[in-house]
Structures are given as C-alpha cells and as structure tokens.
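What follows is a set of notes on a single structure, which appears directly below.
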Amino acid sequence: MASAPNPSLHLGLWVRLGAALALTLAFIVHAAEWQGRFSWLEALDHQIHDWRLAAFSDSGQDDRIVIVDIDEKSLAAVGRWPWPRETVAALAQKIVDEQGAAVVGFDVVFSDRELGADPDRLRALVARNGDQAARAAVDQIAPLLDTDALLAGALSGRPAVLGYYFSQGTPPRRDGVLPPGSLSLTELRAPQVALPRFNGYVSNLPAIAKAAAAAGHFNMIADQDGVLRRVPMIVEHEGQLYESLSIAVVRQALGKPALVPGLSPDRWVPSSYSGLETLDLMASGRAVVRIPVDRHGRTLIPFRAVSEDSSRSRAYRWVSAADVLSGSLAAGSFKGRVVLVGTSAPGQGDLRLTPLSASMPGVEVHANLISGMLDGRLPAAPPYLLGAEVLLLLLTFAVLGIVVPFVSPWAATSLALATVAGHVGLNVFIYRSAAIAMPLAAVLCLAAALFLLHSTWGYFVETRGRRKLNELFGAYVPPQLVRVMNEAPDKYSMKGRSAEITVLCAEIQDFNALIERLPPTELAELMNQYLTAVSAEILAHGGTLDKYIGDQVHAFWGAPVADPQDAAHAVAAAQAMARVVQERINPGFSKRGWPEIKLGIGINTGNMVVGDLGSSQRRAYTVIGKAANAGQRFSGLARLYGVNIVVGEVTRRACGDMVWRELDRVRTRADTTPVSLYEPLGTTSDVGEAAQSQVPLWQQFLRLYRTAQFDAAEIQLNQIRQRGEVPLHLLYANRLAALRATPPEAGWDGVALVRDR
C-alpha cells in the first residue's frame, strides 16, 4: 500500500493491478456460475443468510394457522402411531365440523392398509369353506372392518389436503396412488430449469387419496451442511410436475386458483423463455399469490422467530390432537383457519435442523411456507441477482483494486471499511424492503482479498521502519517487546531521554578466585554458559540487556517500552537467575570439576537517562545516572550480607505481593542519604508460615540495634539464630561485638558506611 499518491504506473503497480483483476475475475466466475459456485463461498452465504434471518425474522404469532400436534400427550392417550383409521377419521371430522377449519392439511401419509382391517381378505378366507352363513355374516360386518373406507368417508366432502413424498431408488418404490400432476414439464418451455426429479413415491391408498380434496408432496431437501433453508415447491416425476403440500393447502384455502409458472424471458431469443422465476396462483386473470423460486423450483423458507417452548415454537398456535379428540376445546376454535396435522414427538423422526432451531418439526416448516405465501413475504432470489452480483464485484474492484494503491494506509483502510459497510447495508436494505435475498459472501471476500493484497504488497515498504527498529533494538530487547514496538515504530527511538527505570546488575561472587582456579579455555566456556543462562532469564522477563563487563551482566526494565511493572519484573528475573544457577548451572559445573558459582544481584529503581550513548566510534543503548550506579553497588554488597539479591527501597515499594527481609541501612561518602536494602524472600503464597514469622522478629531486632539497645538486640538475635542460622545473623553478631568493644558516638543511627564502586 503506497504511503502517498503516485500517478506513474510503474511495473510494480501494474503487477498489483493485474493481481487485483485476477482475484476479481475469480469471484466473477463464482457469481456467474461459469464453473459452478465455489462451495466455501456458498457455505459462507448460507451462514450470512442464517444471521440475516435470525436478525430480521417476524417475531409475532400467525393466528391464521393452527397446528394440531400428534405430540407425546396424544401418543400416551391414544397409543403409538400409526393410529387406527377411525381415530384419524374422528380427528378430521372434529377439526372441520366441530372446530370450523377452513382447510386441514395432513403432514402424514396413509400408504398401507390398517393391520387386521381388510374385509376382502376375510371374504376370501371364508369363501374357501363354502359356508353360506359365514359368508353372509362377513358381508354384514365387512363395512365395519373397512376402516380405510371409514377414513375416506370422513375426508370426502371436506377441505382435506393429504401429504405424500417422492423417493429415488433402484428399483423405484411405488406405494399408493399419486394425485394428478399440477403441471406438465412441457408447459415450462424453459431450458434453464432443473427441477428435482424422482423415480418413486410413497402416497396414499387409492380410496383415501380419491376422497381428499387435494394432495401435495412434503419432500424437504437440506443444504450440504444439513440445514434446511429452502424447499422444492415443485418436483418432477415421469414428465409431470407435482406441487408441494404448502401450495396445495394454500390453493385449497383460496378457492383452488390455477397454478401457473412465471417464466423469465430470454433476451436473446424473442418469444422464448430461459428460466423459472415464480409459481403464480392465478384467479380471475391475476396472481393472488406469487411464489418466488429458483431454477430448481425451490423457495427460501420465511421462518418466523422461534421462542422455544419444549420442542415447539410460539410462532403458531399448537393444539394437542388429544385435546381435539377429547372434545375439551370450545366449538369453533379453528373457525376459518388453516389447520395442519403433524407431529413434534421426537420419536416420530420429523424434526429438522433449521437456521433458527436445531429440532423444528416438519409440520412447522409447512406452516412457515403457508404463512409466507398468505402474506406475500417469501424471500426471493431472482435470476437477475447474478448480474447484480457481478456488477457489485466490479464496483468493489474499482474502489479497492484501482484506487487503494494510490492512497495512504489510513485512507485505504477507511475505503475498505466503507466498502464492506456499504455492501452490508445495501444487502440488508434490499432484504428488508423488497424481500430479496442477495448473495453477500463473494463481495465481502473480494473486498477483504483486495485489501489484503495491497496491504501485503505495501508491507515491504512500510516495514522498513520496523526492520530498522529490529536492527537497533534486536540485540538488547526481548522479542515480545520488539513486537510491541513494531506496532507503532514512530513512537520509539534511541534518542536520550529521562525515564523511571529499574536496573539490574548481576555478578559472580569471588570471581577473582574463580579466575585463578581455571585455565583460560575452561573459564571462557564457563562464562559463556553462565552468561547465556542468566541473559535468557532477563529476556524472558521482559528486560533489556545493557552490557557485559567481565562477569557482570547489566540489564534494565522500563525502556525502550514503558513497563508499569518494571520493578516486579526485575525482581522476578533476579529470582529466576539465582534459581537457574543453583538448579541447572552448578550441577553441570560440578560434573566437570568446576567450582560452583554464587550470584550477587543488585536491583534499584529511579529516574535515569536512557538512550543511545557513546562516542562517534562506538555507541550503545544504555542507562546512566545516580540510581543506576546504586544498582551496580548493591550487587557487590550481596556477598557482604550472604545473599543472592539486594534490592533498593524504591524497588521494594514498587513491588506487590512479596515477603521481604530488610538487610541494612547504608550510605556512601558520595551520597550521605541513607538507603534501606532488602532481600526478596518470595511471594506470600510461596514463602512458608515459619519463614514469614521470622520477618517481624528480625525487624524487631533491627529496631533495637538501630536505637543502640545492644543488650536487648543481642538477646533478640540469639533467639532468631536458634530457629536457623544465616550469614546475615553472623554479620550482625560481629557488629554487636565491635560496638560493645568500641561504643558508638552519641547520635549514632545504625546506618552502615559502604565504599563507592
């Protein structure tokens, strides 16, 4: 991404524009379906559709539709499904005659004769023995046994719509009888129609099918991810087209308007058609319902918002079939309404995964389609969306593919965000105002791809500052701080400045003795191992390596990146350094016959000058100042007190949950201001109660010592030493002995004088 406009189209810019155009053409291939649609973009469009549907679905209840549910309550009252035909007949009669339903649709199929209810078979069995009386008796009871005829009689003359389904297999299954086809395939006269085609079916018994007012298929085909988003409203079988159950119910409710295909004209061939756009229900020469479909005869389901209550939503009124059969409903409860009979019982296998529910009963899917048809709010995806999507892709290329290389990074980012927001806003506006479900994934992904292309290209220019930072600070600063600096390289430089810094100086106690014991080659190897180990801990705790001076390691926290926890991080690094020497370095040294080492670490916090300091011949990023000198001095005092770490008073106050032991109060000849020194024992949770209980006793000893109460101080010290001896105790025991031998002058404050370093 260029940092400033550049009108000259040099070779690099031509390559960028060519790559942007190639990306755009790839997405146009997807939108135009020249090689089919890319599955991953199709899946993303499905997700966008689901989010859009969840955000804008109708949340009200449609009182025009009632679902009579064969639920668990009904199965418990009547028995497992399928129910006896006389029970279903009674249910149909009560729904229409007692409750006044305008139409009743059955989301079930009656494809088999009821077990034990076959009078023809009974007649055949009795006819074999020639008993005239038995045959006469069978003739009398045969009408009572023919429960299929009983159900057919209950459906006859009533506005009942039956369901059935198509199948695909070898050999094809063909149970029951199909209703007459709604359309003939030749009526479409459109080459770009590819309806679902089936070679088999499972339909209703002839007597039952003939008695019903209409019938429709209830096939539902989920998308590749298993989610049901659209339903085939019309399918093909042996050259005939068959309508869905939802269309059949709506046609029955509206007085059986004609079903007419709405074809899109072919612009290149006059008086011909290229594809299927709608299925229209025509009455008196006009379309009373227009059902938008794609070239596969499918329509998007206008799901209403789901407010879950058990396995059923509240988008529609649900009534248990048991309540209808028992007569517990007030007469006329369904007057003028569309009633659908289906099941929500989990064991009946009619639960569907939809964008708004993981287990929506199939009968509710039909209810959503019927509601959408009656309202005229079925989402549409007309064929001209292909051209609209290509146009939006070209517009995206014009903005992000051509303009972006000539503008600043901030302007490019703003353009990209505005483009994405514009696409989303336009998509939502069209969906809300015109119920058109435009694809969105391709334009969003193209916008992201073009922006990423130019950003990646511009990376090689924009990261020069970051690479310079890496060159300047990479040897001093841990990688995590370099990454922070790279996010805003303009904020950091090596110029000298004043800052609150915590310094750490580590050295090997009795280093001179170590030099005398080892030959130079082994000493060099020992130093390399030691410096590598302790430097790694400094970097791991966010410190900046300053320099090596012989056995000394200098580091600091708080620069070049500010660190509000600089003191705590420095103390944690010091403890880790002492631990790694004791647990890892010294055991290895012992195996090689080398002497073990002990660190002396000094830490101090204060205001210092930090920056690139030195001469024209050699410079270094380092710190200087009084507080820095004090930190180096503290490391040399560690041996005096027999500890690994000596910390200044300012550092101790800046640390949080730590247990401290005060070592001493000291002054130098150059700085007469007393300074308290401390040893960190560890965090409160890490230090045992016994060690913590020693701290107040030690503080009491120091108070007695500094107020010249030497007798009481000696008694206190002896009590402390009985609980465990450390070199610090011996130091103060010797001091007490010296003070007894030579009592201090009046005004003595217990502050020790230490030499400058």
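The values are calculated or read from the model by the stated rules, or taken from the named source; none is laboratory data. Everything quoted here is computed from the prediction, not taken from an experiment. All Cβ positions, glycine included, derive from the backbone under ideal geometry; neighbour counts span all protein chains shown. Surface accessibility is based on the protein's heavy atoms, side chains included, excluding ligands, DNA and RNA. Shrake-Rupley method; radii C 1.70, N 1.55, O 1.52, S 1.80 Å.
Rounded to the nearest Hz, the phi-derived 3J(HN,Hα) couplings of segment 220-227 under the Karplus curve 6.51 cos²θ - 1.76 cosθ + 1.60 (θ = phi - 60°) are 10, 10, 6, 6, 4, 7, x, 9, where x marks glycine and proline.
Estimated from the Cβ-Cβ distance and a Förster radius of 41 angstrom, the FRET efficiency linking residue 51 and residue 168 is about 0.80. In the context of the full set of protein chains, residues of the chain present 47 Å² of accessible surface per residue (probe radius 1.4 Å, heavy atoms only).
Once backbone amide H atoms are built at 1.01 Å from N, residue 66 has 338, 339, 340 as its partners under 5 Å, excluding neighbours fewer than 5 places away on the same chain.
Proximity of backbone amide H atoms, modeled 1.01 Å from N, is registered between residue 380 and 436, 437 at under 5 Å, excluding neighbours fewer than 5 places apart on the same chain.
Database remark: amide H of residue 174 closer than 5 angstrom to the amide H of 201 (H placed geometrically; neighbours at sequence offset of 5 or more, or on other chains; Pro and chain starts carry no H). In order along segment 686-701, the Karplus-derived 3J(HN,Hα) couplings, from 6.51 cos²θ - 1.76 cosθ + 1.60 at θ = phi - 60°, round to 8, 8, x, 5, 5, 5, 5, 5, 6, 4, x, 5, 5, 5, 5, 4 Hz, and Gly and Pro are given as x.
Surface composition of segment 357-445: carbon plus sulfur atoms contribute 77% of the solvent-accessible area (1.4 Å probe, protein chains only, all chains present). Judged by the mean number of other Cβ atoms found within 10 Å, the most tightly packed of the peptides 394-401, 229-236, 321-328, 518-525 leads the ranking 229-236, 394-401, 321-328, 518-525. Here r is the Cβ-Cβ distance between residue 742 and residue 565 and R0 is 35 Å; the resulting FRET efficiency, rounded to 0.05, is 0.15. Any aspartates and glutamates with Cα under 14 Å of the residue 598 Cα? List them, leaving off those in the same chain fewer than 8 positions away. Qualifying aspartates and glutamates at Cα under 14 Å: 507, 510, 551, 583.
Projecting the Cα atoms of 405, 378, 196 onto the charge dipole of the chain, computed from C-beta unit charges around the Cα centre, puts 405 farthest toward the positive end.
Computed from the Cβ-Cβ distance with R0 of 51 Å, the FRET efficiency linking residue 258 to residue 540 stands at 0.05.
Available extension along the chain between residue 76 and residue 411 is 113.8 nm, counting 0.36 nm per residue and deducting the alpha carbon span. In this simple spin-label model, placing a label point 7 Å from the Cα along the Cα-to-Cβ direction at both residue 328 and residue 533 gives a separation of 8.1 nm. Fully extending the segment from residue 86 to residue 223, taken as 0.36 nm per residue of separation minus the present Cα-Cα distance, adds 45.5 nm. For the chain, the longest principal axis of the Cα atoms and the long axis of helix 626-641 meet at an angle of about 80 degrees. By the helix-only formula, in which each DSSP H run with n ≥ 4 contributes -39500 (n - 2.57) and the sum is divided by residues, the chain has a 222 nm mean residue ellipticity of -13500 deg cm²/dmol.
Couplings 3J(HN,Hα) of segment 54-65, computed from phi: 5, 6, 10, 6, 5, 9, x, 8, 8, 6, 6, 10 Hz, in residue order, whole Hz [Karplus 6.51 cos²θ - 1.76 cosθ + 1.60, θ = phi - 60°; x for Gly and Pro].
In the structure displayed, which of 94/335; 547/626; 256/335; 94/256; 73/94; 210/256 lie more than 21 Å apart, Cα to Cα? Beyond 21 Å between Cα atoms: 94/256.
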